[in-house]
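Written below as structure tokens is the structure these notes are about.
The values are calculated or read from the model by the stated rules, or taken from the named source; none is laboratory data. Being a predicted model, the structure only gives us computed values, none of them experimental. Cβ placement follows ideal geometry from the backbone for every residue including glycine, while neighbour counts extend to all protein chains displayed. Only protein heavy atoms, including side chains, enter the accessible area calculation; ligands, DNA and RNA are left aside. Shrake-Rupley method; radii C 1.70, N 1.55, O 1.52, S 1.80 Å.
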Amino acid sequence: MIKIIMVIMFFIQILPGSLLGMHKNDAIASEKKDSLDKKKYGVEINMAGLLMSTSGDIWITGTFTRFNVTNFLEIAFPYQYINETETKYQAVIFDVQPRFYLKEKQEGIYLSVNFRYANEYGKGQLSNRMRSINRYGPAFGVGARYFSEYGLYWGWSFYVGIYVLDRYEELEKDEIGLTRDRYGNIELLKFGFYF
């Protein structure tokens, strides 16, 4: 547990400054230049997901973001595509995530509300047949974002939620082995560029 806390503190305190050139002086200079005011969109890739991909398995996760909805609000659209060859599990997941920043600028810590659609395909628990399921549910979370003046940014996020609506194809609710009522997401290595 101590190792996990130390890794998280490393990413929060050191990584933005060392990789993106964001020291406190740079942040003040960037704020004065109002570089983000003219930027409307951002694209992020979760590097941890790509690192988890193997020759047979694919994990692609990232986010498309619409900045400057208001001074303290942006809307993000996280996405995930998972394909595991050994278990024959597949998932396509889309989220809509309004993010409310604690300061009157879109940088630093934010609180988020999440609305998820997930389509999952995998083996049923009882019949061992391949089944498909569509699920929907809200979540709440927290995250942060740090910008550089070079068009790059880094962020982390954590959110948990619950599925409230399910639609199963030819399937009893307790039959499919891959389903859970709750879901969550932790991202630490999410880099992006804004334009």
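General observations
- Residue among 114, 134 that is open to solvent by 10 Å² or more (accessible area, probe 1.4 Å) and either free of Cβ contacts under 8 Å to residues at least 60 places away in the same chain or not in a strand (DSSP E or B) (or both): 134
- Single residue of 176, 162 found to be at pLDDT 85 or above, open to solvent by less than 90 Å² (accessible area, probe 1.4 Å), in contact with an Asp or Glu (Cβ under 9 Å, 6 or more places away or on another chain) and not aromatic (Phe, Trp, Tyr): 162
- Candidates 115, 64 - the one that is modelled with pLDDT of 90 or more and within 15 Å of residue 187 (Cα to Cα): 64
- Condition broken by residue 148, with the remaining ones in (1) at pLDDT below 70; (2) surrounded by 14 or more Cβ atoms within 10 Å (Cβ to Cβ) satisfied: (1)
- For the residues 74, 149, 104, the requirement of being over 18 Å from residue 188 (Cα atoms) and in contact with a Gly (Cβ under 8 Å, 6 or more places away or on another chain) singles out 149.
- Scanning the range 76-110 for residues that are within 13 Å of the chain's Cα centre (by Cα), surrounded by 14 or more Cβ atoms within 10 Å (Cβ to Cβ) and aliphatic (A, V, I, L, M) yields 76, 93.
- Verdict on residue 123 being free of Cβ contacts under 8 Å to residues at least 40 places away in the same chain and open to solvent by 50 Å² or more (accessible area, probe 1.4 Å): no
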